[in-house]
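Heads up: the structure comes next, in structure tokens.
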Amino acid sequence: MIPSHWVASMVGGNSLWANFFASFVGAFMYFATLTEVPILQGLIGNGMGKGPALALLLAGPALSLPNMLVIRGVLGNKKTIVFVSLVVVMATIAGMIFGTFY
């Protein structure tokens, strides 16, 4: 459904932007169990880099918008912001490292 040139322009290659964007989007998406694999296969087939794919795969199961709301209710705003930021940053770094070698 998404044109290939959009995927390649946003998350193609292994740039810092592509990895950050993939981990940020993955953090807000809700993935049901095992649905992220076929979604990633389609995105990789349309030009997504392997590093951003890993970043999305790491951030997706760790966070989602409903998950953030529950964490916010339990831990408060500041701790939730720190947690979300750490997940996004660490997924971005892991994607950069993975994309460099593969």
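The values are calculated or read from the model by the stated rules, or taken from the named source; none is laboratory data. Being a predicted model, the structure only gives us computed values, none of them experimental. Cβ: placed from backbone, ideal geometry, glycine included. Neighbour counts: every protein chain shown.
Scan (1) more than 12 Å from the chain's Cα centre (by Cα); (2) in a loop (DSSP other than H, G, I, E, B); (3) modelled with pLDDT under 90 for the single condition G13 breaks and write down its number.
(3)
Can you tell which of V7, V11 is over 24 Å from F83 (Cα atoms), surrounded by 18 or more Cβ atoms within 10 Å (Cβ to Cβ) and in contact (Cβ under 8 Å) with a residue 40 or more places away in the chain?
Details: V11 fails: over 24 Å from F83 (Cα atoms).
The match here is V7.
Quick one: would you say V88 is outside any loop (DSSP other than H, G, I, E, B), among the β-branched types (V, I, T) and either touching an Asp or Glu at 6+ places or on another chain (Cβ under 7 Å) or in contact (Cβ under 8 Å) with a residue 40 or more places away in the chain (or both)? Step through it out loud before you land on a result.
Working: outside any loop (DSSP other than H, G, I, E, B): yes; among the β-branched types (V, I, T): yes; either touching an Asp or Glu at 6+ places or on another chain (Cβ under 7 Å) or in contact (Cβ under 8 Å) with a residue 40 or more places away in the chain (or both): yes.
The answer is yes for V88.
Mind checking which pairs have a first residue in the stretch 32-57 that is closer than 18 Å to N14 by Cα and a second that is modelled with pLDDT of 90 or more and not in a helix (DSSP H, G or I), Cβ under 7 Å, 6 or more apart or different chains?
Partner pairs satisfying both residue conditions: G47/G12; M48/G12; G49/G12; G49/G13; G49/N14; G51/N14.
If you go through the stretch 16-44 one residue at a time, how many are at pLDDT 95 or above and touching a Leu at 6+ places or on another chain (Cβ under 7 Å)?
Selection size over the stretch 16-44: 2.
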